[in-house]
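**Q** First, the structure itself, so that you have it in front of you.
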Amino acid sequence: MSNKVLVVDDSGTMRKIIIRSLNAVGFTDTVEAGDGNEGLAAFQKSPMDLVLTDWNMPNKSGLELTREIRALGSKVPIIMITTEGEKSRVIEAIQAGVSDFLVKPFTPDALREKLDKYAVA
């Protein structure tokens, strides 16, 4: 697949896990960012087909990143990969423009299921 995926997480280990999972299901064009500021810069530099972001990060959270991407007028699917699974937090994120949630820890199959909902083949 040639979809370009932005992976934003302050944990280098988690970024590697997500990218390995993406590669396993055919997504090989990935861009990494260590926080929301880096993620926004990467997003503005090059068009993305999908954004996977952590919620809790230093400098700019995934929620702030989502709001800023939406403020740019982008409709790109954004999947929040987070430990924040409480209903009130999910509602807050959806109101900010998150397309879907994946709660950590996740399985490769759970990631694939989310990707199938949003990825353009």
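The values are calculated or read from the model by the stated rules, or taken from the named source; none is laboratory data. No experiment lies behind these values; they were computed from the predicted model shown. Glycine gets a Cβ as well: all are built from the backbone with ideal geometry, and neighbour counts include every protein chain shown.
**Q** Among the residues of the stretch 67-90, which ones are without any contact (Cβ under 8 Å) to a residue 40 or more places away in the chain, under 17 Å from D54 (Cα atoms) and in a loop (DSSP other than H, G, I, E, B)?
**A** V76, T83, E84, G85, E86
**Q** Quick check on the stretch 9-22: of everything there that is touching a strand residue (DSSP E or B) at 6+ places or on another chain (Cβ under 9 Å) and either crowded, with 20+ Cβ neighbours inside 10 Å or among the aliphatic types (A, V, I, L, M) (or both), which residue is nearest to D49 (Cα to Cα)?
**A** Ranking the candidates gives L22 first.
**Q** If we keep just the residues of the stretch 91-112 that are part of a helix (DSSP H, G or I) and either closer than 16 Å to I17 by Cα or of a type in the set (V, I, T) (or both), which is modelled with the lowest pLDDT?
**A** Restricting to residues being part of a helix (DSSP H, G or I) and either closer than 16 Å to I17 by Cα or of a type in the set (V, I, T) (or both), the top hit is P108.
**Q** To continue, here is another question. Does the stretch 52-94 hold any residues that are in contact with a Phe, Trp or Tyr (Cβ under 8 Å, 6 or more places away or on another chain) and acidic (D, E), and which are they?
**A** Of everything in the stretch 52-94, just one residue is in contact with a Phe, Trp or Tyr (Cβ under 8 Å, 6 or more places away or on another chain) and acidic (D, E), namely E84.
**Q** If you take the residues in the stretch 23-50 that are of a type in the set (A, V, I, L, M) and at pLDDT 90 or above, which one is surrounded by the fewest Cβ atoms within 10 Å (Cβ to Cβ)?
**A** Going through the qualifying residues, I end up with A41.
**Q** Yes or no: L52 touching a strand residue (DSSP E or B) at 6+ places or on another chain (Cβ under 9 Å), closer than 18 Å to L115 by Cβ and of a type in the set (A, V, I, L, M)?
**A** Yes.
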